[in-house]
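Before any comments, here is the structure.
Quick note: the coordinates plus some simple rules give every number you see, no bench work behind them. Please read these numbers as outputs of a predicted model, since none were measured by experiment. FYI the Cβ positions are ideal-geometry reconstructions off the backbone, even for glycines, and counts take in every protein chain you see.
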Amino acid sequence: MAWVQLGTSAQGPLPPKDLSRPLTHYFISSSHNSYLVGDQLNTKANAEAYRDILLQGCRYVEIDVWGGDPVKPDARDSSQTHRPNTLMSKVSKSPKPGSQVELGEPIVTHGWTLIPPCGFREVCAIIGTSAFVNNDLPIIVSLEVHADTEQQEAMVRIMKEEWGELLLDEPLGGYDPRFRLPKLGDLRRRILVKVKKSPARAIKTATSSDSESSIQDLKPMSDSNPKAKSSRIAICQALSDLAIYTQSEAFRGFDTPAARKPSHIFSLSETKLLELDEADGTGLLFHNKNYFMGCFPSGRRIDSSNPDPSLFWHMGVQMVALNWHSLDEGMMLHHGMFADEDGWVLKHARYRNTDGIVEFQHDAIPRGARDISITIFSGFDIPDDADDEQYHIRRDKSVLRPQVKVEFHCDQDEGDKVEHRFKTETGKTKDPRFGATGSTTSFDIGWSPPDATQIVYQELTCFIRFKVVDVQKSLAAPPLLGWACIRLDRLREGYRLIELSDARGRVTSGVLLVKISIDVDPRSIPRARLYQK
């Protein structure tokens, strides 16, 4: 941040944020399984994880809620049928020492695993005290409900007690959810609840969670969430009433009544969204210009790895939920997208419903042609605490062999995903030099001779990623020392400094000295030559 204030940062400042648009006109910084701090099977549910991601700007969090143990269990009822949706009656587990799980209140955990839970009240308390510390833009709390009616009513009571006036519990004046959504600026310091909107008369409803969404007329996917197959929970009226502008709906097509309600949200797995894009990319894009869409990682990602989020931003998906505790390519791109944005990024005008008709995603994307040249001269105070327990044992601490890798990342249509890669020579020490003239790489973007690589880009979903690795012991998988990711529309020309974060995502004092040249090429490739649907 200091380099930005001095005007030397390679990442340019943002213009004032336009808060006058409906909520669906923004990409939202989103978290998946927000309570986890490791993989999907061998970690724990930790309420403090919510504080960490909210302070980093996340504005969409998920809570998996299950019934906790009753205060006075009926000793005569050995089958525990008095609370059929009590997770403790299904999976033997105990809260982690130090966690605050109140008897008789709901718990938060990863269902059907042995992951120790934390308390729902504890999570809500942390959300209430952390949500608006660093910015006042709204957050959406997505509830995946596996608790019975009694516990759902307890959830409502707890949210009202812990969030008070922050909780949006009735429509804003002039914004009837049947007809329109409020503007982003109208919801400062408000917490919106996303949950299934159930009719009061419902006895047995469709599934209540995001992961239970399905795609009509598409083949079943092998990565279906196992929780989805067993959860058929009726949402009580008091909880349903909190789903005002963010109502979870099962996806059954774009021509259904649910798909035309302003407040609905469809949430699909990455695999199902890719399949839907293949089957009806036009319908998907049109829907996302006007309405909410969410995406979550495939159920096969038990290691908590992340998909490439730019694939789904390219489809107009507002909430691409990622595992924040996994610092992989997906999370680095996420940080590049939302840096300094307070968790809400305004979509390009042609991705919104204010502009003319578009037929395909390609037509929604502004095209450009640029040649980008990056010269890396040196590094200063490179982080050396790689996130690898064995790293410090293997490495001779007297020697550091940093190498800088540069990647241009731009996802367009299938077959047009291009990542230009470049790496410098190996440097020495925490302050490496890469020669008097530096190490230079050039990306030919948009227009290029027939024998060269051709890339067409949308600046908002294209990124330059820098990684500093230590090649002293391993060339095949060198440990990460530092990294940075810059959105293409924020890349600045001239002699610049690139701030580095460490392998845990913390901003450090380490920087790279670079020179960046950006030339706009007046020539361009006709769109029809590049894309054919």
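List of remarks:
- Ordering of 137-144, 124-131 by burial proxy (mean other Cβ atoms within 10 Å per residue, highest first): 137-144, 124-131
- Pairs beyond 23 Å (Cα-Cα), from Lys160/Lys261; Lys160/Lys194; Lys428/Lys515: Lys160/Lys261
- A simple packing score, the average count of other Cβ atoms within 10 Å per residue, orders the peptides 184-196, 495-507 as 184-196, 495-507, with the highest score first.
- For the pair Gln56 and Thr437, a Förster radius of 60 Å applied to the C-beta separation gives a FRET efficiency near 0.95, rounded to the nearest 0.05.
- Spin-label model distance (nm) - Val507 vs Ala477, 7 Å beyond Cα toward Cβ: 3.2
- Modelled this way, with points 7 Å down the Cα-to-C-beta line, the labels at Asp519 and Leu19 are 4.3 nm from one another.
- Contour minus Cα-Cα distance for Lys430 and Arg157 (0.36 nm per residue): 92.9 nm
- Low-density loop positions, trypsin sites (Lys or Arg not before Pro), the range 130-178 - DSSP coil, at most 11 other Cβ in 10 Å: Arg178
- The simple Förster model, with R0 at 30 Å and r as the Cβ-Cβ distance, assigns Asp340 and Gln237 a FRET efficiency of 0.15.
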